[in-house]
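Each value in this text was obtained by applying a stated rule to the coordinates, not by laboratory testing. Since the structure is predicted, the reported quantities are computational estimates derived from the model, not experimental observations. Reconstructed Cβ throughout: ideal geometry from the backbone, glycine too, with neighbour counts over all protein chains shown.
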Amino acid sequence: MASDQTLLAKHLQALFCGLVFGSGLSMNALAQAEVDFDKIWLPAFYQEHMDLMRSSAELAAKEPDCKQFLRGSLVEDTSTLEAPKFRFICRSEEGETFAIVVDGVTSKVTNPLKELREERDRAQAEKERMQQEQAEAQKLEEQTQYWPICQKAIAEKLVLMQNMVIVSRLPPMPIISMDESFTYSMNFDATSTHGKPLKYRATCIISGLTDYEVKIKPRR
């Protein structure tokens, strides 16, 4: 009994430690950069906007890319007293220094790293879409060659057949499988060496320019 209680206590302790450790990881992952208000600066005639700049700095620090807040200043070339804009310098997790601009009126945050990442994602998605379209076009182009390949392969199989007569419409309509392989079937009649009538079906299963199989079987 005492042994069971000891094992239970150890299990609970391990579980508690795991929860604390896991929570610590989550907190670290969600932690934002700390703003040092001593490192933000405004010209004297913009001092009335210092509180606004402080709140804007906190917005910038909340950006996931901003792992370290370095400094802040006024965007002097586009700011007015009625519509100030603030520039905050951050360091990313990769050690890259970049600027985040916050509009003091609308609180709009412009993060070039985020925009660059989104642009890269869009470019990658477009690249993958084009590659997919090219692959599909190439596959369609290959598929137009499937029947001529099968026709030649069937002819090579039937070279010794006597008095062969094809009795099905050509080219045959393929059956397309879920794996995108094509199956062509062609019925033909022939005669044996003794003049006996024979009925056969040639089947060609093809999934690539060099990946195909031909079967010849009697039919009723």
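Per-structure values
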| read-out | value |
| --- | --- |
| Too-long pairs where the Cα-Cα distance tops 29 Å, listed order kept, from Lys139/Lys215; Lys139/Lys199; Lys152/Lys196 | Lys139/Lys199 |
| Theoretical gain in end-to-end length, Asp189 to Ala44 [0.36 nm per residue, Cα-Cα removed] | 42.1 nm |
| Those lysines that a straight Cα-Cα span of less than 26 Å connects to Lys85, excepting residues fewer than 8 apart in one chain | Lys39, Lys62, Lys67, Lys108, Lys114 |
| Inter-part distance where the range 184-201 and the range 49-103 are each reduced to a Cα centre, Å | 84 Å |
| Taking the C-alpha atoms of the range 130-185, convex hull volume expressed per residue in Å³ | 85 Å³ |
| Kirkwood Rh in Å, taken over the range 77-136 so that all alpha-carbon pairs contribute | 14.1 Å |
| Helical mean residue ellipticity (222 nm; -39500 (n - 2.57) per DSSP H run of 4+; nearest 500) of the chain | -13500 deg cm²/dmol |
| Under-5 Å amide H pairs with Leu198, H placed in peptide plane, nonlocal only | Ala190, Thr191, Ser192 |
| Simple spin-label estimate for Gln134 and Ser107 in nanometres, 7 Å along Cα-Cβ | 4.6 nm |
| The chain pair-distance distribution - Cα-Cα, 5 Å bins, rounded % | 1, 6, 9, 9, 7, 6, 5, 4, 4, 4, 5, 6, 6, 6, 6, 5, 4, 3, 2, 1, 0, 0, 0 |
| Linear extension gain, Thr144 paired with Asp211, 0.36 nm per residue minus alpha-carbon span | 22.7 nm |
| The range 50-126: relative contact order as a whole-number percent, Cα under 8 Å and 6+ apart | 26 percent |
| Residue-wise HN-Hα coupling along the range 46-58, computed from phi with Karplus coefficients 6.51, -1.76, 1.60 (Hz; x: Gly, Pro) | 10, 4, 5, 9, 4, 4, 5, 5, 4, 5, 5, 4, 5 |
| Rounded to the nearest 20 debye, dipole of the chain from Cβ charges on Lys, Arg, Asp, Glu | 2000 debye |
| Positive-end extreme of charge dipole, the range 102-220 - chosen from Trp147, Gln131, Ala190 (charges on Cβ) | Ala190 |
